[in-house]
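One structure below.
The values are calculated or read from the model by the stated rules, or taken from the named source; none is laboratory data. Values in this document were obtained by computation on a predicted structure and should not be read as measured data. Don't worry about glycine lacking a Cβ; one is built from the backbone with ideal geometry, like all the others, and counts go over all protein chains shown. In case anyone asks, the SASA skips ligands and DNA or RNA and just uses the protein heavy atoms, side chains included. Shrake-Rupley method; radii C 1.70, N 1.55, O 1.52, S 1.80 Å.
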Amino acid sequence: MQGFVADLLRHEGALVEAIEPEGLEVLAPPPVQQALGLGEMSRLGFGGTLPPGAQRMGLEGDWLGRFAQVLGPQGRWTRRVLSAPPRAPGDPEGVLGQELVLDNATFRLLGVSPAWTRYLMLDFRISAVSDDKRDLTLRLGVNLATGALPDAVLAALAPALDAPSLDAPGLGGEALDGGGTNPVLPDDAALPAPWDRARLLGLVARALPTRIESALAPFVKGLRRRFTRDADRLHAYHNDLHREAMRRALALPGDDVRRRREEQRAEAIGREYRAKLDDLTRQYATRVAVEWVQTLELVMPVHRFTVQVRRRKADRTIQLDWNPLARRLEAPRCEWSASAERPRLACDDALHLVVPAALGPCQNCGRPFCRACHPECCPKCGAGVPLASGIMG
Ligand SMILES: [Zn+2]
Ligand SMILES: [Zn+2]
């Protein structure tokens, strides 16, 4: 925390000096004074014992919010160019056979050539709130040349990205607003065109839900377990009371006024049970909020595989990138759900590569159809197509 605050304040033009024990002496310019609520000269303390005259700074309170104000939109968008060793995949056919698994189509490698691509890596903050709370961050990356969402490849790149660019040999870093020329990007590098906003948002809307679901799966599993336990207890308690009231009622003659009273008691227990169960359901209902945090544009060289996919008499050519830093071929995304699941099937009409569920029968008429060909509704009966994922409508 002390290191972070010192770096941030220096970056914003403050004079910062470390003082003992675990503190900083700061001479801050007016904007920093305003955002942080500090005087021109101030002392900050971070440890158990504060330096004389210092105010305590920590994760508690609203300090993080004030730092966010100091940062403003800085860092929300960055661009980095990564260089990579000029190695090509050793056995392209083998690599392709491993990564591309098509259950109802054949494919053939037409060629491999060096190319450049840009990835957009979007970081999101996910907060799930119910009777418990879970915060996590999720990174979604898209290869703008092939449209792939190579989760595994980008995860493998993370260590290279986290390393400060100056200390990591072979990596060139450049902030977009920093300007200047970048030594590693050759003038003739052909980069894929940027996507327009609608196309990118459309893909994000499809790709996020399944990934959030799997990221939250352990949390949701815990919630379900506790909900089931609480619901079982609730049921057992009211069931006993109800049974007891009915037993007393049935032991009395039909015209006895006390019998009617016991029956009413049993009904009231039933009502109370249903109301408590509703409360419990509300208590465990989970609200998931997704907030975009930052985007990194990553430019780097790859090896581009051109692959012909064949099914029956139709064929289609697709491109897949092999990433030399991750040393891995990026699987195509499912053209319906955008999930990374395998295997894939090819549809009859357009040879869309999709997960098996995307070619499943219509929920209404039972006829199978391709959701990538018909994203809105079933071509036979017109019934609407539900979203690929359940938690976020
Ligand atoms: Zn239908
Ligand atoms: Zn299709």
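Couple of notes before you dig in:
- Residue that is farthest from ligand 2 (Cβ to nearest atom) [pool: residues in the stretch 356-389 that are touching a residue at least 40 places away in the same chain (Cβ under 8 Å) and aliphatic (A, V, I, L, M)]: L387
- Within the stretch 257-300, the set of residues being in contact with a strand residue (DSSP E or B) (Cβ under 8 Å, 6 or more places away or on another chain) and either open to solvent by less than 30 Å² (accessible area, probe 1.4 Å) or of a type in the set (S, T, N, Q) (or both) comprises T286, Q294, T295, L296, E297, L298, V299, M300.
- Applying the criterion of being within 13 Å of ligand 1 (Cβ to nearest atom) and of a type in the set (G, A, S) to the residues of the stretch 339-370, the residue that is nearest to A152 (Cα to Cα) is G360.
- Residue ranges of helices (runs of 4 or more DSSP H) in the stretch 26-125 with at least 2 members out of contact with any Lys or Arg (no Cβ under 7 Å at 6 or more places or on another chain) and under 27 Å from A193 (Cβ atoms): 92-99
- When the stretch 57-80 is limited to residues that are open to solvent by 50 Å² or more (accessible area, probe 1.4 Å) and touching a residue at least 12 places away in the same chain (Cβ under 8 Å), the one that is farthest from V299 (Cα to Cα) turns out to be L59.
- Residues being part of a loop (DSSP other than H, G, I, E, B) and loosely packed, with under 11 Cβ neighbours inside 10 Å - total across the stretch 186-201: 6
- Filter result for the condition that a residue is assigned to a loop (DSSP other than H, G, I, E, B), over 29 Å from M121 (Cα atoms) and within 16 Å of ligand 1 (Cβ to nearest atom), over C381, C373: C381
- Among the residues of the stretch 324-355, those identified as touching an Asp or Glu at 6+ places or on another chain (Cβ under 8 Å), within 13 Å of ligand 2 (Cβ to nearest atom) and open to solvent by 20 Å² or more (accessible area, probe 1.4 Å) are L345, H352.
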